[in-house]
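Student: Quick one: the structure is below, and I'll ask about it shortly.
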Amino acid sequence: MQTSNQSPKFGRKTIYVATALAMVAVLGGWAMAASFTITNGTTETGTGTYHTTAGLTYFAESAVGIGSQPSGLTTLSATVGTPTVLAAAATTYAINAPTAGDVVHFWKFTEAAGAPASTEVELQFTVSTGAGPTVTAVTAFVETQAASPGAAVVFTLNYDLGSAASGTIQLNSVLEISQQCSAVGTCP
C-alpha cells in the first residue's frame, strides 16, 4: 500500500487508478500455453492523507487486461523533458523492455478529440508480481501531438511480465497514476 503525506501541488491534474485483475484472463478470453495466475492477496491497510484529484479527461484509461507482446514496439521515454511524442494514430508502446511473444499487462488510454497540444504527461506504473512479492515502479513520459487530434485516438501501453514458457507468471496487482505537467520538462 502506498501512502502519501504530500501537500497538494497546484497547476497539475492527477488521476489515481488502481486496477483489480481477478478474472481478467477468463473474461478477456485470453489463453496461453504455460501457467499464468492472478492471486487474491491478503487485505491491505494503510494510512495517509487523501487529496482530492481531477482526472485527465483528455487522456483517460479506457481498458486494462492481459495480452501478448507484439514485436517492434517503441519503449516510452523514462526522462522528464524528453517525452515520447504520441503518434497521430492508434499505437502500442512498451513501458519496460519488450520481448515479442511475452505475456503483458496492458493499459489502453483514449486521447480525446481536442486534447491540448504539446502537453507532457507523467505516467507512473507500479506492478506487483510473484509470491515475494516483487514490486516494480516504472515512470514514463509522453507528450501529446503538436496539433490536437480531430477524433479520439486509443494508445495501448504494455508492461512485459515475462515469458509464459518460463513457468508460472504471478500478477498480484497494478497501480497507474497519470499527471499533467504544466509544461514540457516541468514534471517533478
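Any read-out appearing in this document is the output of simple, stated calculations on the displayed coordinates, not a laboratory observation. Note that the structure is predicted; figures quoted are calculated from it, not measured. Cβ sites come from the backbone with ideal geometry, for glycine too, and all protein chains shown count toward neighbours.
Student: From the square roots a ≥ b ≥ c of the eigenvalues of the alpha-carbon gyration tensor of the stretch 111-188, which class results: rounded (a/c under 1.5), prolate (a/b over b/c), or oblate?
Tutor: Values: a/c = 3.58, a/b = 2.05, b/c = 1.75.
Prolate is the answer for the stretch 111-188, as a/c is 1.5 or above and a/b outweighs b/c.
Student: Extending each Cα 7 Å along its Cβ direction at Ala88 and Ser148, get the distance between those two points in nm, one decimal.
Tutor: 1.7 nm
Student: Short version: ³J(HN,Hα) in whole Hz for each residue of the stretch 83-96, in order, from phi by Karplus 6.51 cos²θ - 1.76 cosθ + 1.60 (θ = phi - 60°), x for Gly and Pro, what are they?
Tutor: So the J values, rounded to whole Hz, are x, 6, 6, 5, 5, 7, 10, 3, 9, 9, 10, 9, 8, 10.
Student: Sequence-distant or interchain residues sharing an amide H contact under 5 Å with Thr84, placed H: which?
Tutor: Counting only residues 5 or more places away or on other chains, the set is Ser77, Phe141, Val142, Glu143.
Student: Stokes-Einstein D for the stretch 57-188 at 4 °C, 1.567 mPa s, Kirkwood Rh over Cα pairs, in µm²/s?
Tutor: Numbers: Rh = 15.2 Å.
Estimated diffusion coefficient is 85 µm²/s.
Student: Here's a follow-up. Once you keep just the Cα pairs under 8 angstrom separated by 6 or more residues, what percentage relative contact order results for the stretch 46-148? Mind dumping the intermediate values first?
Tutor: Values: 171 pairs, mean separation 35.3, N = 103.
Relative contact order, the stretch 46-148: 34 percent.
Student: Is the stretch 77-117 best put as rounded, prolate or oblate by its Cα gyration tensor, with a ≥ b ≥ c the root eigenvalues, rounded for a/c under 1.5, and otherwise prolate when a/b is larger than b/c, oblate when not?
Tutor: Details: a/c = 2.61, a/b = 1.45, b/c = 1.79.
Taking the square roots of the gyration eigenvalues as a ≥ b ≥ c, the stretch 77-117 is oblate.
Student: What are the semi-axes of the equivalent ellipsoid for the stretch 49-116, taken as the square roots of 5 times the Cα gyration tensor eigenvalues, largest first, in whole Å?
Tutor: They are 23, 16, 14 Å, listed largest first.
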